[in-house]
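This report concerns only the one structure given below.
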Amino acid sequence: MLIPCPYCGVRDAREFTYLGDATVRRPDPAAPDAAEAFHAYVNLRDNPAGPHSEHWYHGAGCRRWLVVTRDTRTHAVLGAAFAGEAGA
Amino acid sequence: MSARFSLLGLVADALRGPSALKPHWRDAAPKPAYDVVVVGGGGHGLATAYYLAKEHGIANVAVLEKAHVGSGNAGRNTTIIRSNYLLPGNEPFYEASMKLWEGLEQDLNYNAMVSQRGVLNLFHSDAQRDAYARRGNAMILAGADAELLDRDGVRALAPFLDFDTARFPIKGGLLQRRGGTARHDAVVWGYARGADRRGVDIVQKCEVTGFLREGERVTGVETTRGPIRAQKVALAVAGSTSRLARLLDLRLPIESHCLQAFVSEGLKPLIPGVVTFGMGHFYVSQSDKGGLVFGGDIEGYNSYAQRGNLPVVADVCEGGMALMPMIGRLRMLRAWGGLVDMSMDGSPIIDTGPLPGLYLNAGWNYGGFKATPASGWCFAHTIATDAPHALNAGFRLDRFRTGAVIDEKGVGAQPNLH
């Protein structure tokens, strides 16, 4: 599997570390529904069969966090962007 | 309905030749309604139907399978049975499963080739010895068997391991003699035949495409062979649980991952039981055909591909070479991948709900095969009585909300690390 790092170019997936779903957002701990929101944030996932937006860390390269879009049915990588700039 | 197997019957069939071969279960067409519909014709789903009929007298049951029975993870695992867990929520359940394995063939009247050839977990440091001593004590407290072997004890069992030049010297091992292997396909077939003989309909090539609802309540399924109503709908589709949950707008504490397994060319008898490496993820046993059956880590990223990548192949083979360098010139025959439900605490879910009329059996991580009998037994109890049995009381879905998780490895809500 090859991941197109925006800084380093196309690199082998072994250079990266996988974190998981990039669509979950840390909730506001002061919100009245914070307990339920944190349960969903920590535990619940869409786990789609198809395009999946996910965090990968390029530890053996530029050491930046990426948001990679990948099809979980085929492992085809559809795109990659720096995590901050992708709005994630 | 197929006849009961016996030695005399087998001899008579052998003399009659191929014309004696009969299907072991009916290929049923779906009826419009059942008391219970079990989705998923793997080991867990078929065992659930079998125990619903046998233990609870509920035989108006259909098992729906999108392909043919046993074609998912039940046919892709590495066939190991063991009950060497640590935590209170897990170990009594897995030991109950081991006891069911021990009586399975007589109960099913089917040769599942249950072979208690021993499971040996190696340790390589003082800290690992302490951890395994604790685990062994937890196993004994739950009624299982465990022995802590020193280096010489391991050498007597498995003299082919690298004792002399290894980077991580073998200091001993935790041995469960009652552990071993079973023939995974025969387990599926035995449960299918047993359920069928008690009146369960096994419906193949019948994929669930939606759910029938009345308000919140689940009242049946839409399938490729038409709608089927049911008082209770039970999901046993580990690997694809989230795909069905999505049809119900449910989000679950599960990620789907790919786990690979491998088999080598056939050899004469070499490896006496199951051996696991303690300083990398590699485990191996030898099939009755002679091939070494081995595996290691999951791929580590969400996947529905049923196909792994080369880095894990290399990692598993490096683990094997570190443990037993003699396999260096052995050729690999086949590799394959299966989809596993990786849960947020590494432990499974057997529970009622989360919707009325729905029952959930999911989250088996990469340890579902050994659990097959107890999973079916407990799920049948949960479906029939609308409450979990004491054995699966720790496997409830709300443990992720309450924090009562069962995390054997202690790595937290990070599914790819369990």
With a point put 7 Å past each Cα toward its Cβ, work out how far A:Ala34 is from B:Phe160 in nm, to one decimal. 5.8 nm
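Return the average number of partner chain Cβ atoms within 10 angstrom of each residue Cβ along peptide B:249-256.
Per residue, the number of nearby Cβ atoms from other chains is 4 on average.
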Under a Cβ-Cβ cut-off of 9 Å, what is the net charge of the residues other than B:Met139 that fall near it, where Lys and Arg count +1 and Asp and Glu count -1? -2
Which residues in the stretch A:42-62 place their backbone N less than 12 Å from a point set 7 Å from the Cα of B:Arg251 along the Cα-to-Cβ direction? A:42-48
Pop the C-beta distance of B:Ala12 and B:Leu267 into the FRET formula with R0 = 45 Å and round what comes out to the nearest 0.05. 0.80
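Among B:125-132, A:50-57, B:71-78, what's the highest-first ranking by average C-beta atoms within 10 angstrom per residue?
Ranked from most to least packed, the peptides come out as B:71-78, A:50-57, B:125-132.
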What number, in nm² with one decimal, is the all-direction average of the projected area of the convex hull of the alpha-carbon atoms of the stretch B:115-246? 13.5 nm²
Residue among B:Gly338, B:Gly412, B:Phe395 farthest towards the positive dipole end of the stretch B:314-418, charges placed on Cβ: B:Gly338
The protein assembly as shown - mean residue ellipticity at 222 nm from DSSP helices (-39,500 (n - 2.57) per run, n ≥ 4, rounded to 500): -8000 deg cm²/dmol
Using alpha carbon centers only, the stretch B:161-228 is separated from the stretch B:266-289 by a whole-angstrom value of 22 Å
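Compute, for chain B, the length of the dipole vector about the Cα centre, with Cβ point charges of +1 (Lys, Arg) and -1 (Asp, Glu) only. Units Debye, rounded to 20.
In debye, rounded to 20, chain B gives about 860.
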Two-site label geometry, A:Ala76 and B:Val411: point separation in nm, points 7 Å out along Cα→Cβ: 3.0 nm
Which FRET efficiency value, to the nearest 0.05, is calculated for A:Met1 and B:Met326 with the Förster distance at 45 angstrom and r the Cβ-Cβ distance? 0.90
Rounded to whole Å, √(5λ) for the Cα gyration tensor eigenvalues of chain B, largest first, gives 35, 26, 20
Taking beta carbons within 10 Å but only from partner chains, what does the mean come to for residues B:395-405? 2
Cross-link reach from B:Lys171 to aspartates and glutamates, straight Cα distance under 15 Å and at least 8 residues apart if same chain, gives B:Asp126, B:Asp130, B:Glu147, B:Asp150, B:Asp152, B:Asp162
Any idea what the relative contact order of chain A is, in percent, if you count C-alpha pairs under 8 Å spaced at least 6 apart? 30 percent
Please tell me which of these pairs span more than 20 angstrom C-alpha to C-alpha: B:Lys31/B:Lys66; B:Lys66/B:Lys289; B:Lys232/B:Lys370; B:Lys99/B:Lys232; B:Lys99/B:Lys268? B:Lys66/B:Lys289; B:Lys232/B:Lys370; B:Lys99/B:Lys232; B:Lys99/B:Lys268
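What's the Cα-based Rg to Rh of the stretch B:282-362, Rh via Kirkwood?
1.11
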Choice from B:Ala49, B:Ala144, B:Ala33 with maximal GNM fluctuation in chain B (Cα, 10 Å cutoff): B:Ala33
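Any idea what the relative contact order of chain B is, in percent, if you count C-alpha pairs under 8 Å spaced at least 6 apart?
For chain B, the relative contact order is 22 percent.
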Nearest-20 debye value, the stretch B:277-418 charge dipole, Cβ charges on Lys, Arg, Asp, Glu: 400 debye
Please compute the contact order of the stretch B:207-283 in relative form: average sequence separation of alpha-carbon pairs under 8 Å and at least six residues apart, divided by the residue count, as a percent. 17 percent
Output the 0 to 90 degree angle, nearest 10, between the alpha-carbon long axis of helix B:372-385 and the longest principal axis computed from the alpha carbons of chain B. 30 degrees
Chain A: most fluctuating residue of A:Ala30, A:Ala13, A:Ala76 per GNM, C-alpha cutoff 10 Å: A:Ala30
Within-10-Å neighbourhood charge of B:Lys205 [Cβ basis; K, R +1; D, E -1]: -1
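Read the figures in this text as sums done on the coordinates, not as results from a lab. Worth saying up front: this structure is predicted, and the values here are computed from it rather than measured. Here the Cβ is made from the backbone with ideal geometry for all residues, glycine too, and neighbour counts use every protein chain on show.
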